[in-house]
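Asks: Got a structure here, written out as structure tokens. Questions coming.
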Amino acid sequence: MASLPSHFTTFLFLFPVGIRRLLSSSSLFLKNPSLYQSKPWYFAEPRWKNFDLYALLIALPIACFSNLFFFLTFSGNPTSKFSFLQQSAIILLFWVFLILVVLRENIDNLIVHEGFVFIFAGIVFLIEYSLTVKGIQGLIGGVNGLLDWLNLACAGCCLFLSIRPWAFFADFLLSSGILLKGTWMLQVGLNLYATRFSFLGCRMILPTENNVNVKCDLEEDSVRGVALMNLLFIVHVTGILVLSFLLFAALSWNRNMRRANSGTLLAMLQSESMLMQPLPELELE
């Protein structure tokens with residue numbers, strides 16, 4: 001069932017993953033663009049720095065079983081009850097993706113190929129797209145439509161990277177898409193399921209037969225709400241793109257400064273070594 005805590009939890013899962021992936025992929029690309037190759041997960045050394053991966057490996061099964069518990073105990077509308085099962089399935093699939101990432105890192109490449117991991121991630125995004133409730137009009141329908149576009153974009157990037165892992169722009173778009181999905185889920189949770197941030201004339205109600213738990217009093221309120229959500233989505237897209245380019249520019253500037261400093265230091269060391277060399281002795285006739 002949609003709620004502010006569930007949307008906020010999704011934000012906590014996606015936003016750090018998107019930031020870390022964007023920074024790691026950009027750093028690897030700037031290090032040597034000609035040898036760049038995207039990875040399903042960018043591991044850091046030492047191993048303890050990958051605590052976000054280990055945290056997700058623990059948190060996702062807990063979230064999955066929590067949704068299964070609500071599915072088994074919830075006695076309300078059957079459609080709302082089934083949504084718990086859908087969410088549990090999506091969380092479980094993403095957890096399996098992390099398991100494949102760990103196997104890919106610790107077992108021979110021939111057993112779990114990177115391309116297969118990317119294909120699996122793309123299929124999971126497509127499954128999430130297919131499980132989104134379609135045909136709902138009004139505010140919920142508009143929000144679901146925007147989420148569908150995000151899932152399709154992430155799925156397309158994953159499938160493209162499975163055949164062209166050296167395409168940095170696809171990895172850049174995938175990282176930005178994960179970031180955008182995280183911030184957008186938080187925005188949706190605030191505007192639809194928090195009374196303080198709800199739109200004028202719209203409020204959260206108990207689930208109905210159509211699984212719509214946000215209702216607007218007038219048609220004009222619904223239209224205005226959809227228009228505001230579309231505007232907020234454009235603001236989110238612009239903000240995430242600006243943030244992504246700024247992070248890339250900052251990494252590029254930092255790397256150039258390091259190269260300049262190392263080059264200056266090397267030149268100074270060479271000049272000092274030349275000064276310290278003994279002068280050649282002159283032979284007198």
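Asks: For residues that are touching a Cys at 6+ places or on another chain (Cβ under 8 Å) and without any contact (Cβ under 8 Å) to a residue 40 or more places away in the chain, tally how many sit in segment 129-173.
Replies: Here the count works out to 1.
Asks: Do you know which of the residues in segment 223-246 that are surrounded by 12 or more Cβ atoms within 10 Å (Cβ to Cβ) and among the polar types (S, T, N, Q) is nearest to Asn191 (Cα to Cα)?
Replies: Checked segment 223-246; the qualifying residue nearest to Asn191 (Cα to Cα) is Asn230.
Asks: Looking at segment 122-152 only, could you name the residues that are modelled with pLDDT under 90, surrounded by fewer than 15 Cβ atoms within 10 Å (Cβ to Cβ) and part of a helix (DSSP H, G or I)?
Replies: Correct list: Ser130 only.
Asks: What pairs can you find where one residue is in segment 85-107 and closer than 19 Å to His7 by Cβ and without any contact (Cβ under 8 Å) to a residue 24 or more places away in the chain, the other is hydrophobic (A, V, I, L, M, F, W, C) and assigned to a helix (DSSP H, G or I), and their Cβ atoms are less than 6 Å apart, with a gap of 6+ or different chains?
Replies: Final answer for the pair search is Leu85/Phe71.
Asks: Let me ask something else. Is it fair to say Ala55 is more than 17 Å from Ala121 (Cα to Cα), in a loop (DSSP other than H, G, I, E, B) and free of Cβ contacts under 8 Å to residues at least 40 places away in the same chain?
Replies: No; evaluated as a whole, the condition is false for this residue.
Yes or no, residue by residue, for (1) within 30 Å of Gly18 (Cα to Cα); (2) modelled with pLDDT of 75 or more:
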{"site": "Leu200", "(1), (2)": "no, yes"}
{"site": "Asn230", "(1), (2)": "yes, yes"}
{"site": "Ile234", "(1), (2)": "yes, yes"}
{"site": "Val237", "(1), (2)": "yes, yes"}
{"site": "Leu251", "(1), (2)": "yes, yes"}
{"site": "Asn256", "(1), (2)": "yes, yes"}
{"site": "Leu265", "(1), (2)": "no, no"}
{"site": "Leu275", "(1), (2)": "no, no"}
{"site": "Leu282", "(1), (2)": "no, no"}
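Asks: Within the group Leu4, Leu30, Leu68, Leu12, which residue is within 16 Å of the chain's Cα centre (by Cα) and not charged (D, E, K, R)?
Replies: Leu12
Asks: Which of the residues that make up segment 1-50 are of a type in the set (S, T, N, Q) and in a helix (DSSP H, G or I)? Explain how you work it out, then say what you get.
Replies: Step one: of segment 1-50, the residues of a type in the set (S, T, N, Q) are 3, 6, 9-10, 24-27, 32, 34, 37-38, 50.
Answer for segment 1-50, where residues must be of a type in the set (S, T, N, Q) and in a helix (DSSP H, G or I): Ser6, Thr9, Thr10, Ser24, Ser25, Ser26, Ser27, Ser34, Asn50.
The values are calculated or read from the model by the stated rules, or taken from the named source; none is laboratory data. Note that the coordinates shown come from a computational prediction; the quantities given were computed from them, not determined experimentally. Every residue, glycine among them, receives a Cβ derived from its backbone with ideal geometry; neighbour counts consider all protein chains shown.
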